[in-house]
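Engineer: Before I ask anything, let me first share the structure, which is written out below as structure tokens.
The values are calculated or read from the model by the stated rules, or taken from the named source; none is laboratory data. All values derive from a computational prediction rather than experimental measurement. Here the Cβ positions follow ideal geometry from the backbone for every residue, glycine too, while neighbour counts run over all protein chains shown.
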Amino acid sequence: MSRFDHTAIDDVIHGRLRLGVMAYLSTVSPAPFNELKVKVNATDGNLSTHLSKLEEAGYVRIEKKFIDKKPRTNVHLTAKGRKAWIDYLTSLQSFLSAAE
Amino acid sequence: MTQEELMQDLAYARSLAEEGRHAPLLGGSYLLFWGILNAAAFTAHWAMLTERLPYEGSSFAILWGGYGAVAALGMTVLGVRSRQKPGRTAIGGRSERAIWTGAALALCALVFGSLARMVADQDPAAPNAIFGAAFTIYGAALFGVSALSEQAWMKAFAWLSLLAGAVLCLFANAPWAYLLAAGGSLLVLAIPGVVLLRREPATLA
């Protein structure tokens, strides 16, 4: 019997772009929106859509503020998001072990 | 989801996580600035002490007052500059800022304490204790940044700084110690600063 439970994979994270966002935020948090956009190679709209999904799940927190009168959006990885990211990596590890 | 797709996703996630983990440090301009400013101030102080530069009673106060003004202006300009750099909130960058902020606070405590003793005890040599201790603080900061940002080359400068600190504590009251402190500032602050600046990202790409 397989030891892998596919329902253990977090669908909120498991999209290519959201995976990239979570991976980058795991080491750079808060990340400015524009920096994140370049790193994951996304458009403004596409990144906003995916960030909204992560925000709804409580994995990221979007902070909007003004610095030197210019709007600036920072994306923070939340404690819940960090836990979800670690759990996601554990699930993948379990999948790969089961596949061996 | 095939195993191959999963491996590709993991490789992608890993590359992004590593990009953040190994983001270049952004403190190079600060180190270069402080290295040059300290070297200039220490050299001027030494030149006045040894009467190579003409001076009067207020010259030392003017020198160090000017040092404080240039330092405040420089930090403001560098703060604006570094806010525009990518990777500022990466783990290495955050560690670097926290460590140097702690070091700066320690230096402020040292300076205020020494100046207070100079005034209270009418002891003009009291501030001579500053630079030896300052170099040991630089050394500790360089060690911390080196370890947390995985920049092993920086440890050599940390050791040099600790060595300079020990020598400067030993010869604190000798006029030439100021010249040594000037050279030490260029060696342990300005040179690592140049190394870091050369690795600094200009843009997001």
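Engineer: Kindly state which helices (runs of 4 or more DSSP H) lie completely within region B:1-115 and contain at least 1 residues that are more than 14 Å from chain A (Cβ to nearest Cβ).
Structural biologist: B:28-49, B:59-83
Engineer: Out of the residues in region A:81-100 that are without any contact (Cβ under 8 Å) to a residue 12 or more places away in the chain and within 11 Å of chain B (Cβ to nearest Cβ), which is farthest from B:Q8 (Cα to Cα)?
Structural biologist: A:E100
Engineer: A follow-up question, please. Identify, from the list A:H14, A:H50, the residue that is facing another protein chain (nearest Cβ under 9 Å), crowded, with 16+ Cβ neighbours inside 10 Å and farther than 17 Å from B:P86 by Cα.
Structural biologist: Step by step, each of A:H14, A:H50 is checked, and only A:H14 is facing another protein chain (nearest Cβ under 9 Å), crowded, with 16+ Cβ neighbours inside 10 Å and farther than 17 Å from B:P86 by Cα.
Engineer: Only residues in region B:97-118 that are among the aromatic types (F, W, Y) count as the first member; pair them with residues that are assigned to a helix (DSSP H, G or I), Cβ under 6 angstrom, at least 6 apart or cross-chain, and list the lot.
Structural biologist: B:W100/B:A141
Engineer: A further question on this structure: Search region B:143-196 for residues being among the polar types (S, T, N, Q) and either within 26 Å of B:T50 (Cα to Cα) or in contact with a Gly (Cβ under 6 Å, 6 or more places away or on another chain) (or both), and hand back the single one that is modelled with the lowest pLDDT.
Structural biologist: Among them, the one singled out is B:S149.
Engineer: Collect the residues in region A:53-78 that are loosely packed, with under 11 Cβ neighbours inside 10 Å and either on the phi < 0 side of the Ramachandran plot or within 12 Å of chain B (Cβ to nearest Cβ) (or both), keeping them in residue-number order.
Structural biologist: A:E56, A:K64, A:K65, A:F66, A:D68, A:K70, A:P71
Engineer: Output the residues belonging to region B:123-139 that are in a helix (DSSP H, G or I) and not aliphatic (A, V, I, L, M). Working first, answer last.
Structural biologist: Our first condition is that a residue be in a helix (DSSP H, G or I); within region B:123-139, this holds for B:128-139.
Correct list: B:N128, B:F131, B:G132, B:F135, B:T136, B:Y138, B:G139.
Engineer: Looking at A:G45, A:G81, A:G20 in this structure, which one is more than 24 Å from B:H22 (Cβ to Cβ) and not basic (K, R)?
Structural biologist: A:G45
Engineer: Listed residues B:L142, B:L168; which is more than 16 Å from the chain's Cα centre (by Cα), assigned to a helix (DSSP H, G or I) and among the aliphatic types (A, V, I, L, M)?
Structural biologist: One residue alone meets the criteria, B:L168.
Engineer: Taking region A:25-47 only, how many residues are surrounded by 21 or more Cβ atoms within 10 Å (Cβ to Cβ), facing chain B (nearest Cβ under 7 Å) and under 21 Å from A:K65 (Cα atoms)?
Structural biologist: The qualifying residues number 4.
Engineer: Counting only residues that are surrounded by fewer than 22 Cβ atoms within 10 Å (Cβ to Cβ) and touching a residue at least 24 places away in the same chain (Cβ under 8 Å), how many does region B:80-92 have?
Structural biologist: Matching residues across region B:80-92 total 5.
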